[in-house]
Structure formats: C-alpha cells, structure tokens
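Remarks on the structure that follows.
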Amino acid sequence: MEYINKKFLLNKRPVGMPEDNCWKLIDEKIDSLNKGEILIEVKFLSIDPYMRGRMNDGVSYAAPAKIGEPMTGETVGEVVDSKSSLYEIGEVVCIHKGWQTYIKAKDTDPSIYKVPLSTIPMSSYLGAVGMPGRTAFFGLNRVGKPKEKETVVVSAASGAVGSVVGQLALMHGCHVIGVAGGQSKCEFVKETLGFHECVDYKSENFKTDLKNVCSNGIDIYFENVGGPVTKEVSYLLNQDARVPICGFISQYNEKDMLNSDTPFKILSKLENKPFHRFFVVTEWMDEWQNATRILSNHVAKGEIKYKETITEGFENAPQALRDVLTGKNFGKQIIKI
Ligand SMILES: NC(=O)c1ccc[n+]([C@@H]2O[C@H](COP(=O)([O-])OP(=O)(O)OC[C@H]3O[C@@H](n4cnc5c(N)ncnc54)[C@H](OP(=O)(O)O)[C@@H]3O)[C@@H](O)[C@H]2O)c1
C-alpha cells in the first residue's frame with residue numbers, strides 16, 4: 001500500500017502573529033520500512049501555545065524549530081505498518097515528530113510511547129492525560145506545593161493545563177479560583193469543573209471581582225498568561241505565596257519580549273516578592289509514567305473533566321494555533337486528521 005504523508009514545514013520566522021506563509025504544506029511519498037521502523041497513521045495533532053516560541057530564533061530553554069523542517073508538535077495515531085518487534089499493527093502511540101499525517105519512525109525513538117487500551121479517548125493523551133495534564137500535575141505539586149485550605153488562583157482556567165491544575169488543587173482541599181476570558185468559559189470552570197469561583201478578566205469589573213473572591217489573599221498563583229491578569233493578581237499575593245510560572249501566553253507575540261509584561265518583570269517589582277520560578281514539564285521526565293497513570297485514573301473515574309476543541313482537517317492547523325494565541329479555543333485545541 002502506498003502512503004502519502006502531508007507535512008507542514010516551517011517556512012519563515014514570524015513577526016507577531018504567525019501568518020500562513022510561515023508554513024509550507026507538502027506531500028511526501030513514504031518509502032518502505034526498514035528493520036526496526038514503524039509507520040504511524042496520525043489521528044490527532046496537538047496544538048499548543050509553546051509552538052509559537054519554537055518558531056522564533058532566540059535564546060530559549062528549547063532549541064528553535066529549523067526552517068525547512070516539520071513544524072514541531074505531538075500527535076497520537078495508529079501503527080499501520082511495522083518492521084519492529086516492539087510495536088504491532090493496530091497499536092496506538094503518541095509521538096513528538098511534528099505536524100505530519102503519516103510518521104515513519106524508528107522503534108527506539110525516545111518520543112514514542114504506547115497509549116494503553118482503555119475507555120479514555122485517544123485525544124485526551126494530548127490533553128488532560130498528556131503533556132498539558134503532566135504540566136499541571138508537576139507545576140502545581142512540585143513548584144506550587146499546595147496545602148489544605150490555601151487559596152489557589154489559576155489563569156487560562158478553562159484550558160488544557162489550567163483546567164487540570166484547578167481540579168487537582170480541589171483534591172488537595174484548596175479554595176480554587178479560576179481566571180478565564182468570557183462568561184461561558186467562566187461558567188464551565190465553575191459549573192462543570194467545580195472551581196469555587198471563576199473571574200472573567202475581560203470584564204470591566206475584573207479588578208474588583210478578583211479582590212472580592214480572594215478575601216484571604218492568594219497563596220498560590222499558577223501563572224499561564226502574564227500581562228494585565230498577572231498585575232492584578234500580584235497585588236493580592238500573601239506572604240509566603242508561590243507562583244509556578246508555567247507560561248505567559250499574552251506576551252508570546254510581542255516583538256520585544258525583554259520589555260514586555262512577563263511575570264518575571266511584574267513580580268520582580270513587588271516589595272514582597274513571592275517565591276516564583278519558571279518550570280518546564282520535562283524536568284520530571286523520569287516520573288512521566290506515574291503522573292500519566294494518576295491522571296488517567298482520575299479521568300476514567302470522572303474526577304478530572306476537560307473540554308476539547310477538535311478542528312477537522314490537517315490544513316487548519318495554522319489557524320488553530322492562531323486561535324489558541326487569541327483565546328478562540330475552548331479547552332484543549334486538537335486537529336483531527
Ligand atoms: N512550562 C511548561 O512546561 C508548559 C507546558 C505546557 C503549557 N505551558 C503553558 O501553559 C499555558 C496554557 O497552555 P495550554 O496548553 O493549557 O493552552 P490553553 O489554555 O488550552 O489555551 C490557551 C489559552 O490562553 C488564554 N489566552 C490567550 N491569549 C490570552 C491573553 N492575551 N490574555 C490572557 N489569556 C490569554 C486563552 O484563554 P482565555 O480565553 O481564558 O483567555 C486560551 O484559551 C501557556 O502559557 C503555555 O505556554 C507550559
């Protein structure tokens with residue numbers, strides 16, 4: 001059988017919001033497999049905020065994507081051909097090999113792992129049970145270190161990471177407050193995810209609303225957005241507060257990042273600086289399996305709920321990334337191939 005792989009190559013580094021000409025969509029015929037190789041038919045592609053950073057050519061904790069190479073990204077799919085003793089046809093795997101529809105990979109590729117057979121949908125391995133879920137798990141537990149009855153505020157609360165952070169914090173017995181953009185996202189965060197409160201940062205009353213629901217101050221602020229939200233939160237931080245800095249999406253398209261409203265800049269101006277540090281989920285790579293097992297148990301039992309925006313069609317990946325960077329997505333953004 002002949003397979004044609006469609007792949008998006010990085011074509012040009014963006015200035016501000018990435019436009020369509022930053023990518024090139026090409027077709028490529030897949031050659032037959034060599035010993036130790038497998039072919040994966042991709043079912044879902046994950047679209048994540050970090051992808052914007054990889055398109056830049058700057059100093060960062062991760063190497064930039066190279067021009068002419070596949071756009072960076074994780075996928076989940078089914079093995080459709082195998083010359084490996086490790087993977088059988090029909091098995092479902094996750095792999096981090098970029099925006100592609102068919103992926104030929106060595107069975108020893110360190111980014112592949114098998115998705116266990118379960119009732120959990122395959123796509124959740126890109127969201128609540130995947131990298132974003134693990135980010136929430138490690139960032140909250142290892143950097144935030146929540147204690148019972150503490151007040152935890154999480155931004156981008158309806159999203160892939162934020163939704164899991166809040167639900168894990170509830171399990172720790174914390175008072176959990178989300179910050180999200182718009183009424184319907186706030187309703188979802190409170191009513192479906194069960195946060196105690198959710199404040200709409202797009203409302204003109206944001207400052208007062210936040211202050212009202214944080215009457216005991218804030219012990220942990222799980223930072224996902226930066227900018228004006230972080231400024232308002234920063235005034236309410238308690239003595240000994242912790243701020244795990246997961247990301248600052250509102251600033252990712254800024255042309256002059258050093259002078260933009262990053263959490264580092266905002267928090268360093270405070271008289272009483274909270275403990276804050278940027279973390280990357282890969283710091284706890286050796287514990288991934290355990291975290292995935294814990295998260296999948298919670299999802300299977302309905303203790304962690306999540307929302308996905310599934311966009312059909314591989315060719316819509318660039319627009320889906322722009323949607324994530326402007327908050328048009330509602331929950332984990334995924335492309336269905
Ligand atoms: N450090 C790590 O290892 C790591 C790993 C994964 C993700 N992250 C970071 O975690 C954060 C959340 O990622 P995610 O995958 O869970 O994405 P997500 O929350 O599912 O989607 C992004 C959300 O960010 C919010 N947003 C976009 N522009 C904004 C703006 N200008 N101001 C305030 N909010 C804005 C939008 O929600 P609203 O509509 O509510 O504004 C949007 O839905 C990002 O900063 C990402 O870079 C870090």
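Isolated cysteines of the chain, defined as having no other cysteine beta carbon under 4.7 Å away, are C22, C94, C174, C214, C246.
Applying the criteria of a DSSP loop state and at most 12 other Cβ atoms within 10 Å to the chymotrypsin sites (Phe, Trp or Tyr not before Pro) of segment 233-329 yields no site. Note on exposure: L117, L45, L325 ranked by accessible area (1.4 Å probe, complete protein assembly) read L117, L325, L45, with the most exposed listed first.
Ordered by solvent-accessible area of protein heavy atoms (1.4 Å probe), largest first, the residues H175, H298 come out as H175, H298. Separation of the alpha carbons by more than 29 angstrom is noted, of K97/K147; K97/K202; K149/K231; K269/K332, for K97/K147; K97/K202; K269/K332.
Remark on segment 131-282: Rg and Dmax equal 13.9, 41 Å (Cα only). What is the calculated FRET efficiency for S260 to Y235, with r their C-beta to C-beta distance and R₀ = 22 Å, to the nearest 0.05? Approximately 0.65, to the nearest 0.05. For K145 and E303, a Förster radius of 22 Å and the Cβ-Cβ distance give a FRET efficiency of 0.55, rounded to the nearest 0.05. Each label was represented as a point 7 Å from its Cα along the Cα-to-Cβ direction; for E312 and K83 these points are 3.6 nm apart. A cut-off of 5 Å between modelled amide H atoms, ignoring neighbours fewer than 5 places along the same chain, links H175 with K149, E150, T151, V152. Applying both filters, DSSP loop and at most 12 other Cβ atoms within 10 Å, to the trypsin sites (Lys or Arg not before Pro) of segment 12-104 gives K35, K66. Phi angles of segment 235-250 translate, via the Karplus equation with coefficients 6.51, -1.76, 1.60 and θ = phi - 60°, into HN-Hα couplings of 5, 9, 5, 7, 4, 6, 5, 10, 10, x, 9, 8, x, 8, 4, 5 Hz per residue; Gly and Pro are given as x. Comparing T192, T101, T262 in a Gaussian network model of the chain, where Cα atoms under 10 Å apart are tied by springs, the biggest mean-square fluctuation is seen for T192. What whole number of Å gives the distance from the Cα centroid of segment 278-323 to the Cα centroid of segment 134-167? So the separation of the two Cα centres works out to 14 Å. Residues in the chain average 47 Å² of solvent-accessible surface per residue, probe 1.4 Å, ligands and nucleic acids excluded. FRET efficiency for the K6 to E287 pair, using the beta carbon distance and R₀ = 30 Å, is estimated at 0.30. Would you calculate, for the chain, the mean residue ellipticity at 222 nm contributed by helices, counting each DSSP H stretch of 4 or more residues as -39,500 (n - 2.57) and dividing by all residues, to the nearest 500? Computed mean residue ellipticity for the chain: -6000 deg cm²/dmol. About the centre of its Cα atoms, the chain shows a dipole size close to 460 debye [charges on the beta carbon of Lys, Arg (+1) and Asp, Glu (-1) only; nearest 20 debye]. Of the GluC sites (Glu not before Pro) in segment 191-238, the ones in a loop by DSSP (not H, G, I, E or B) with at most 16 other beta carbons within 10 Å are E204. Per residue, the convex hull spanned by the Cα atoms of the chain amounts to 129 cubic angstrom.
The values are calculated or read from the model by the stated rules, or taken from the named source; none is laboratory data. Predicted, not measured: the structure shown is a model, and the values here were computed from it. We place every Cβ from the backbone using ideal geometry, glycine too, and count neighbours over all the protein chains shown. Ligands, DNA and RNA are excluded from the accessible area calculation, which covers all protein heavy atoms including side chains. Shrake-Rupley method; radii C 1.70, N 1.55, O 1.52, S 1.80 Å.
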